[in-house]
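The values are calculated or read from the model by the stated rules, or taken from the named source; none is laboratory data. Since the structure is predicted, the reported quantities are computational estimates derived from the model, not experimental observations. Quick reminder, even Gly has a Cβ in these numbers, built from the backbone with ideal geometry, and neighbours come from all protein chains shown. Calculation scope for accessible area: heavy atoms of the full protein, side chains included, ligands and nucleic acids excluded. Shrake-Rupley method; radii C 1.70, N 1.55, O 1.52, S 1.80 Å.
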Amino acid sequence: MLTLGVNIDHVATIRQARRTVEPDPVAAAVLAELGGADGITVHLREDRRHIQDRDLQILRQTVRTHLNLEMAATPEMVEIALAVKPDYVTLVPERREEVTTEGGLDIVGQRDRMAAVVAQLQAAGIPVSLFIDPDPAQIAASAQVKAQFIELHTGRYAEAANEMIRGKELALLSEGCAQAIALGLRVNAGHGLTYWNVQPVAQLTGMEELNIGHTIISRAVLVGIERAVREMKQAISG
Ligand code: PXP
């Protein structure tokens, strides 16, 4: 069954805008799970611009589904992952040189480094997913470095300028999914998926999990604003 990983980074982004305590991504994770999320995804960035170390530590204790830690393949992040033990790690690019032309991780260009990080994490019992473009060479390299999962980058599909390009991008995702499964990889997908474009990706044969953040948090702000204003009117009316 296809599962939904909810990325709650944007909740932390709002909090960091004021460096205060609200909204707490830990509370958001609890509510996302109540809403049916199958997993919670957070990206701990090197500059800590949204999710903080404290969030990760508390989420590890409170998430009842599974916790997917997105991170760069750096010694600092590997050390944190080994200590926190998320249910799986998704390696994502943070620096320009780690990125292929389209935007996913360049596994082909850094095979040895990726193989070492994958081996280190998987030896500690943490499955690794590689966030890559639907590019046959990157998919083959992901199998070679012995990752358990790939996450297909859906950004180009999501940002397609017209239906013809979108159809081509969907075909690349479909072929990439089939290639990966034939190589023994498990397949997730994400980035830029919305309420309007998710359905064709959700229907791809063999797809296991979609990681979605921006569109869900955006909708949460809008569907919640009326009630929030009403409650403030009550608060000021004494
Ligand atoms: N998957 C990965 C690897 C990501 O880096 C992101 C964005 O943080 C997402 C999925 C979610 O993308 P979006 O916020 O556009 O739904």
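Within the range 152-205, being part of a strand (DSSP E or B) and open to solvent by less than 30 Å² (accessible area, probe 1.4 Å) holds for Leu152, His153, Val187, Asn188, Ala189, Gly190. The number of residues in the range 66-79 being surrounded by fewer than 19 Cβ atoms within 10 Å (Cβ to Cβ) and either away from the ligand (no atom under 16 Å from the Cβ) or at pLDDT below 95 (or both) comes to 3.
Residue-by-condition table, conditions (1) in contact (Cβ under 8 Å) with a residue 60 or more places away in the chain; (2) of a type in the set (A, V, I, L, M); (3) within 16 Å of the ligand (Cβ to nearest atom):
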site	(1), (2), (3)
Ile150	no, yes, yes
Thr154	no, no, yes
Glu163	no, no, no
Val198	no, yes, yes
Ala202	yes, yes, yes
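Per the conditions (1) within 16 Å of the ligand (Cβ to nearest atom); (2) open to solvent by 40 Å² or more (accessible area, probe 1.4 Å); (3) within 18 Å of the chain's Cα centre (by Cα), the sole criterion not satisfied by Asp135 is (3). For residues that are charged (D, E, K, R) and within 20 Å of Val221 (Cα to Cα), scanning just the range 13-48, find the one that is least open to solvent (accessible area, probe 1.4 Å). That would be Arg15. Considering every residue within the range 206-220, establish whether at least one is more than 13 Å from the ligand (Cβ to nearest atom) and either buried (at least 19 other Cβ atoms within 10 Å of the Cβ) or under 16 Å from the mean Cα position of the chain (by Cα) (or both). Yes, because at least one residue in the range 206-220 is more than 13 Å from the ligand (Cβ to nearest atom) and either buried (at least 19 other Cβ atoms within 10 Å of the Cβ) or under 16 Å from the mean Cα position of the chain (by Cα) (or both). Considered as a group, the residues in the range 46-77 that are in contact (Cβ under 8 Å) with a residue 12 or more places away in the chain, of a type outside the set (Asp, Glu) and out of contact with any strand residue (DSSP E or B) (no Cβ under 8 Å at 6 or more places or on another chain) include one that is farthest from Ala123 (Cα to Cα), and that residue is Arg49.
The rows are residues; the columns are (1) of a type in the set (Gly, Ala, Ser); (2) under 16 Å from Ile139 (Cβ atoms).
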| position | (1), (2) |
| --- | --- |
| Tyr157 | no, yes |
| Ala178 | yes, yes |
| Ala189 | yes, yes |
| Ala228 | yes, no |
